[in-house]
Structures are given as C-alpha cells and as structure tokens.
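A quick write-up on the structure given underneath.
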Amino acid sequence: SHPPLCPPGIKCGGVLSAPSGNFSSPNFPGLYPYETECTWLIVVAEGSSVLLSFSHFELEYHDACAYDYLQVYNGAARDRGNLLGTFCGHSPPPPFSSAWHVMAVVFRSDRHVAKHGFAAAYRKDACGGQLTGLSGEITSPRYPESYPNDAECRWSIGGASGGGPLTLVFADFQMEGGQGCGFDYVALFDGPTVTAPRLGRYCGSARPPRTIASTPHLLIIFKSDFNIGGRGFKAHFYSAGECQEVFTAVKGNFSSPQYPNFYPNNLKCQWSIQLPPGYRVKVFFLDMELEGRSSLTGGCDYDHLSAFDGGTENGSLLGRWCGRESLAPVTSRSNQLLLVLHTDRNVAKRGFSISYVGVVPMNVSCTRTDFHIQIPVQSLAQLERNRIYLGTPSCAAQVVGRNFKIHTRFDTCGTESQRRNNTSVIVSTLYIDFSVGDQEDIHQYEVQCEPKRKEASVTLIAGPDPSRLSQAENLVDAQQREGEAMDSREIKSQDTSDIVFISICILAGLLMVIAVVGLVLL
C-alpha cells in the first residue's frame, strides 16, 4: 500500500521543552507520508545540554542523502554552521550531545519511496556529555550563577568528520582557588580519556590560556568539593586546524575554516602575518561572504573580520568587515598584520579567501634626469642581483655594500614620459623575480618621478597570484594608454619647463641681435 501524502493538520515537528521526551516520524511505525517536512526544536534549561539518541531508523537510501533525510543541528535549524550531520538509509545516527541548550532535528521526505522512519528520545544533561560538533560552548552547571558543591562533569569533545585539532578558549573563569588546585578545578586532557596527556589543571580567578590539543579529541573535567563555590566558567571550542596560523613567508594565502563551504559558528580565528623588518603587508580580498550587518545598528555586530596593524588586537584597527563586500586591498603600516574572524552562534556563510604579499622595503629617489633605487640585501637575501631589474633584464641591480642599487637615466630601462593630473611624470616598472623552477612569481612595482619637483614614489601593482598579475598588467596598459592620449594633445614627452627655457633663450638671442644692430647704427 502507498503511504498517504501528508494530510493537513498532521502532527509533525514542534518545540519540545520538557526535560526529556520522545518523538518520531509521522505515522511511525507505519510508512511515513510523501513530501513531508518536519522540524523539532528541543529547548532545555540554559547551562544544560541535550542528549539525543535513536532507537529505530529506516529512511530511503541515497549516497548523498538527497531524497529522504534527517538532519541534526547543534542549535537552531537551517544554519549550516550548526549542522552535526545528514542521515538516511538503515544506519542510525550516533547519539548526540548538543554544545548548548538548543538542538534541532529536521526530517524531510520526497515524492517517491517511503520507509518506516525513525523514533528518537532526548533528555536534558545538566553536566557534561559527548560533543561532536565542529564548534560549541560549554559552561559549568548553573552558570553564571554559583555552581553546586560536590559536582563532577566530563565533556568529551571530538569525532567530528573533517575536524582538525581542537582549540579551547575560556571566555570567563571564576572558581575556588587553592595551592595545587586541590579543591575545585577544571582539568584538560589531550585525548578522549584521563589516560591521555594532561594539558592543564586550573582554579581561582585567572582565565586559563588558550589550549590547542594535538588531536581531534579533548576531555574536560570539572570538579567541585563540599564547600566554597564560584561563578564557574564559560568556554568555546572549535575544531578547525586552519583557524590559528602564523605566516612568515613573503607571500601566502589562506581562507576561513571549511571554505568554500560554510564556516562553523562560534569561532574566533586569528591569522598573524609576520614579515622581516622594513616590509609592509598588503592583503588582497579574493572573495568574502559573511553574515550581514545588524538591521538595528547598521554595524558588523554578528560575524565579522577585522584587520589590526601589528601582531595583536591592541594594534590600530585597519578595517572591520561583514556581509558580502568587494574590498580594496589593505596595507599595514608595520611589518606585521593580524586578521581576526569572529562568528556567533547562528547564520553561517561561505567565508573568505585572502592572499597577501610583503611589500619590499625600498628607497626610491630621482633627479631631473635619473632614478635612484635602493633595496636592503637582507630583505631579498635569497635572490641574485639579476632577479631585480628596472624595465628590462639588462637594467639589473648592482650590489653596493648592504644594498641592491639601480641608478639609471630616464632615457633607458623602459622609462616613459606620461601626463598625469596635468603634470609631466616619468614612469617605469621595477621587477623582483621570486620564481622557482617552473613556478613563475614576479612582483611588479611602478616607480614614478616628477622631475620638476624631484619627487619619486613607488607602488606595488602586481601581487601574489596570477589573476592579480593580469589585472595589474591591464592597469599599467590603461595608464600608459591614458598617458599617451594626453601626451598627443600636449607636446609628446616634453616638460613644459623645457619649453619655457627654450623660449627664454630665443628671446635673449633676439634682444642681443637688436642691441648689436643699434650699436652699429649709432
């Protein structure tokens, strides 16, 4: 017999707020109806977690669970940053423990092939649990109220598919202190059991340091004795190996965890770029989509990416972004730059992809006729001098003392005269070739001189990836075409000061001739 289409008014989904309960697919243990979608939101007391288990499970099978499926969310439904798993077929999902007091279950069937469905049970767990999400939050019992005496809780975190080493960050910590933390304490273990190496044992009011496990498993034990309590603790965990990185290479790229798939919720990730002294860090935003701005404040109050000058969040803020924006490159004022990603409990997006390049420290000056370029050898210690050249490889740098130097006249090395902002300037391109083997990697800097003022400037125009390189080349072409067009309307490749000088010479000559003729006549 065919199962019915889901009739109007059938009991399906809802909010489950009792400390424990059961729920099942429509018509269970009979065949579930076609074209049905049900969402159960389980909400227990704050500070507790939800333990969810399945006693029966039978859905239509598909490799990617694209037909009939059941999804479990570590928080509100439909937020892919909270998704614990999608299931179908005959293998029941494992038992789940939520990372906070909300869990959601979604069941969906299509218009073909019905099975008997599922039966599930949940209960509130006030203390501890098996946490399998990529990210989450744990708190001591009753937090932020004082925790109970004689409590012992164990949180075993790990087992998430695709998870990297676990990171645990304490947002708040206040417990009974004591020598050796023998009374109330939190102990951390680098693995799923107490036989694993101990990462730390903490008590008192000092917040424990950020802890990074060496494996995808972490055990947290909270214990209190018979008297003297405290507010307890609140901590965030996340399983994202690419979430805490330090870069020291002159160029690189990185992306948000799981990019281009949705990033996990409840993250604080840091990418620190630390280059040799003298360098500046230029960051290119290749792609970015985060949760949007707050409709109340118009600010980036939810998920956001921030850039700080220097190595810490105490440095000056270079920018704070969210939503889906096309961003201009950002350049640090020092040789270090820190990028920090914050995500909240819900609404995850695709994230971002970023590349960066170290802007080479150099001193560029000019006279009315020459360019002078100087780069410290230590900045480019691995390069031969012929890898640094102006305009053409024949205009390579010389090594003078501790510097690479290029000293060249304007009529050589591919220099061109252009008009910019109604001013005559001399422009060339400095190439620094970092290529290794077949991997071409050439950085380009535009050097510019305004001869009348003897003022020089330098700008990075081609950075760390091929698409940027072609854009930069197009930019140079456009500037050259613009310059040529303006020069054709003026006197091509001539400085107005030269015209004035020639005019004065001709006028002086005429006056001399008149004077000589006058003397002869007299």
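The values are calculated or read from the model by the stated rules, or taken from the named source; none is laboratory data. Not measured: the values here are computed from a predicted model. Using ideal geometry, Cβ is built from the backbone for each residue, glycine included, and neighbour counts are taken over all protein chains shown. Just the protein is used for accessible areas: all its heavy atoms, side chains included, with ligands, DNA and RNA removed. Shrake-Rupley method; radii C 1.70, N 1.55, O 1.52, S 1.80 Å.
Take the Cα coordinates of region 255-322, assign each an equal point scatterer, and use the Debye formula without solvent to give log10 I(q)/I(0) at q = 0.16, 0.22, 0.29 Å⁻¹. For region 255-322, the Cα-only Debye profile gives -0.68, -1.16, -1.46.
Across region 292-307, rounded Karplus estimates of 3J(HN,Hα) from the backbone phi angles (6.51 cos²θ - 1.76 cosθ + 1.60, θ = phi - 60°) give x, 6, 5, 6, 7, 9, x, x, 7, 8, 9, 8, 7, 10, 10, 10 Hz, Gly and Pro being marked x. Here's the picture: a label point sits 7 Å out from the Cα of Asp150 along the beta-carbon direction, and within region 229-269 the residues with their amide nitrogen under 18 Å of it are 229-230.
3J(HN,Hα) along region 356-369, derived from phi through the Karplus expression 6.51 cos²θ - 1.76 cosθ + 1.60 where θ = phi - 60°, amounts to 9, 9, x, 7, 5, x, 8, 10, 10, 9, 8, 10, 6, 10 Hz, with x in place of Gly and Pro. Restricting the GluC sites (Glu not before Pro) of region 31-111 to loop positions (DSSP other than H, G, I, E, B) with no more than 12 neighbouring Cβ atoms within 10 Å leaves Glu35, Glu46.
Loop-resident trypsin sites (Lys or Arg not before Pro) (DSSP state other than H, G, I, E or B) in region 38-136 with no more than 15 further Cβ atoms inside 10 Å of their Cβ: Arg78, Arg111.
For region 244-359, the per residue solvent-accessible surface stands at 41 Å², with DNA, RNA and ligands left out and a 1.4 Å probe. Surface composition of region 244-359: carbon plus sulfur atoms hold 47% of the accessible area, using a 1.4 angstrom probe and ignoring ligands, DNA and RNA.
Using the Karplus relation 6.51 cos²θ - 1.76 cosθ + 1.60 with θ = phi - 60°, the per-residue 3J(HN,Hα) values for region 30-35 come to x, 6, 6, x, 6, 6 Hz, with x marking Gly and Pro. Checking the cross-link pairs Lys251/Lys349; Lys11/Lys115; Lys405/Lys454; Lys234/Lys349; Lys405/Lys452 against a 21 Å limit on the alpha carbon distance flags Lys251/Lys349; Lys234/Lys349; Lys405/Lys452 as lying beyond it.
For Leu166, the residues whose modelled amide H falls within less than 5 Å of its own, excluding neighbours fewer than 5 places apart on the same chain, are Ala213, Thr215, His217.
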